Amino acid sequence: MRLQQDTILITGGTSGIGLEMATRLAERGNTVIVTGRSEDRLAEFRRTHPSLHALAVEVTDRASVEQLYRAATAEFPGLNILINNAGMMQAIDFATASVDHITDEISVNLAGPVLVTQVFLPHLLEQPESAVLNVTSGIAYFPFEKAPLYSASKLGLHSYTQSLRAQLEGTSVAVYELAPPRTTQPMFSGSEADNAQVDRVPMMPVADVVAHMITGMRKNRSEIRPGMSKLLRLIGKIRL
Ligand SMILES: NC(=O)c1ccc[n+]([C@@H]2O[C@H](COP(=O)([O-])OP(=O)(O)OC[C@H]3O[C@@H](n4cnc5c(N)ncnc54)[C@H](OP(=O)(O)O)[C@@H]3O)[C@@H](O)[C@H]2O)c1
């Protein structure tokens, strides 16, 4: 992908990695639409980034995703890149966790990107050159026991991404995976003790993760694993 003059929709683009993707991709001459759930954050994004676009979606809700699809493709018929970035990570103790707590994480990290891709795919297949990029994680390959459903849902997304790529071979849709390592954008919600363990892991600046993503897509690397993620993938393979 040239990543110039493309029209790119990023789920979860109002903060963190998605926000950095949005600003860097817009600087390259792309039209960028971000999404989020919180109306306040969307309003703040519109105020601080007047040349970019923002639409609301709940990625786990089919009606909301279909509404996003109608709004985005009506206003941006040339939309040709979908980045499934929205995600969440929480510490879970199975002995005490509620069912809602557990299903939320699987819904946002795995069912969400699958649903969004499913709804946007017919449109992407009509574009001369298009792409889906799914954001997984380095700990998809090497489970982090404090956040078991995060690792499991991201490994599921990794596997789904591989199958999607195989099924779309020969079409106009290229399928990419970005597996960031731990970054300077904190996302883990856990106790002080949990966080003390996480704090030992080195962090990659979010800007570097996004630079790896842009270079990787431009070089047509289907699996982009910046920094520690490469090592985690290797260790994960040896362990299996
Ligand atoms: N941060 C890291 O160190 C790290 C490392 C590896 C992988 N990743 C992955 O990178 C991605 C981005 O992480 P981040 O740390 O930048 O996240 P973040 O700052 O917490 O931002 C998450 C974004 O996703 C949106 N979002 C969350 N749940 C959603 C839902 N159900 N429906 C629609 N939008 C939703 C949020 O919007 P609202 O605020 O409006 O809810 C927000 O815009 C995630 O997939 C994460 O798993 C992150």
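The values are calculated or read from the model by the stated rules, or taken from the named source; none is laboratory data. Quantities reported herein were computed from a predicted structural model and do not represent experimental measurements. Quick reminder, even Gly has a Cβ in these numbers, built from the backbone with ideal geometry, and neighbours come from all protein chains shown. Areas reflect the complete protein model, heavy atoms only, side chains present, ligands, DNA and RNA absent. Shrake-Rupley method; radii C 1.70, N 1.55, O 1.52, S 1.80 Å.
A few remarks follow.
- With every protein chain in place, the range 89-234: carbon and sulfur % of accessible area (1.4 Å): 56
- Around residue 217: net Lys/Arg minus Asp/Glu count, Cβ-Cβ under 14 Å: +4
- Candidates 106, 139, 92: whichever shows maximal mean-square fluctuation once the chain is modelled as a Gaussian network with Cα springs under 10 Å: 92
- Folded to 0 to 90 degrees: helix 148-167 orientation relative to the chain principal axis, Cα: 40
- The range 7-239: Lys pairs at Cα distance under 20 angstrom, eight or more positions apart or on different chains: 4
- The GluC sites (Glu not before Pro) of the range 132-240 meeting both criteria, a DSSP state outside H, G, I, E and B (loop) and at most 16 other C-beta atoms within 10 angstrom of the site's C-beta, are 145, 169.
- D_trans [Stokes-Einstein, Kirkwood Rh over alpha-carbon pairs] for the chain, 4 °C, 1.567 mPa s, µm² s⁻¹: 72
- Mean accessible surface per residue for the chain, computed with a 1.4 Å probe while every protein chain stays in place, in Å²: 48
- Over all other residues within a Cβ to Cβ distance under 13 Å of residue 237, the charged ones net out to +3, with Lys and Arg as +1 and Asp and Glu as -1.
- Under 11 Å, Cβ to Cβ, from residue 184 - net charge with Lys/Arg +1 and Asp/Glu -1: -1
- A Gaussian network model of the chain, with springs between Cα atoms under 10 Å, assigns the largest mean-square fluctuation among 190, 36, 16 to 190.
- Three-way shape call for the range 184-240 based on the alpha-carbon gyration tensor, with the a/c threshold at 1.5: oblate
- With R₀ set to 35 Å, the beta-carbon distance separating residue 28 from residue 162 gives a calculated FRET efficiency near 0.80.
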